[in-house]
Each structure stands twice: as C-alpha cells, then as structure tokens.
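Read the structure below first, then the notes.
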Amino acid sequence: MDTMPTATAFVFCHPIEITTQDIDAMGHVNNAVYLQWVQEAVVRYWQYRSPPQAQIELLWVALKHVIVYRLPLFLEDRVEAHVMATATRGTRASFTTLFKRGDDLVAEVRSSWCCVDATTRRPRRIASDIARAFLPNVGRSVAANKEQD
C-alpha cells in the first residue's frame, strides 16, 4: 500500500514488485525497468497527493531522468520507491526517487516533469495550490527524511 508517513516528511513510499520479466540475462533487474518504476511511483504520488479535480485537468510528461545505480536488485528482493518532490518552477516539477531494499539505497533517480493541460495537451503553469500539495514550504528545497517503520 502506498503511504505518506507525515505531512512534513515529503516522502511517498510505493512498493515495487519485481517480476520475472524484470530480470535480465545477468540475473538482476534490467536498468531500463527502473524507468518504468519511476513513472509508476511518481504518478501514484501525484494521485495520492493531488485533488481529484487536478487529476482530471492535469497530466505529467517526463522530460529527463538521471539514474545512479548503486546495487543490483534480484527477483526475491523487497524494494520500495521513496518519492520526493524537490521543486516546482513554471510548468516543471522536479522529483527524486530513491529505490531502497531495506536500509540499502540501490538506485537514485532525479527527474524533471512538465505539467500538461489534459484537454489542450499544452504545458500548463503549476498553480501554487498544486505546488503546496507536494511542497508545503514552496520555494525551499526538500531533503529526504529517514523513514520510520
């Protein structure tokens, strides 16, 4: 189940299920799979934090992902994506997604997304109320907080 630990934690935890299709010839999760997971986790974060009307009116398009792979993941591993919004500016939002296996950081993804009007499919400025849903202290960077089990 997706959870937002506290309103001030800024961290959205999304469980990841590793399937046999995710495993490559080297016996670990293929690097390309992380892009699918980032997409899934950020969208679920959006669905969890945003008002229902905003979900109807707005879409998100990924512009850029920078991935640092630290440790391999395997079929039986339990992994979570920890998603944090880090900034908004104009039509863009930045997110950091940390993939964790227990206390181990296995990959870190910094991504940039464009807010798009669902009707016109054109970029749309992120309204301050939407930005506050992800960044209650709009204008400040967000640091990852230690999760509490």
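Counting heavy atoms of the protein chains alone, C13 has an accessible area of about 10 Å² for a 1.4 Å probe. Extending 7 Å from Cα along the Cβ direction at E40 and again at D77 yields two label points whose distance is 1.4 nm.
Protein-only accessible surface at a 1.4 angstrom probe places the residues D129, D103, D22 in the order D103, D129, D22, largest first. For region 42-102, GluC sites (Glu not before Pro) meeting the loop criterion (DSSP other than H, G, I, E, B) and having at most 16 other Cβ atoms within 10 Å: E76. Looking at region 77-123, the trypsin sites (Lys or Arg not before Pro) that sit in a DSSP loop and have at most 13 other Cβ atoms within 10 Å of their own Cβ are R78, R121.
The values are calculated or read from the model by the stated rules, or taken from the named source; none is laboratory data. Nothing here was measured: the structure is a model prediction, and the numbers come from that model. When we count neighbours, we look across all protein chains shown, and the Cβ atoms used for this are built from the backbone with ideal geometry, even at glycine. The protein model used for the area step is the full one, side chains on, heavy atoms only, and it has no ligands, DNA or RNA in it. Shrake-Rupley method; radii C 1.70, N 1.55, O 1.52, S 1.80 Å.
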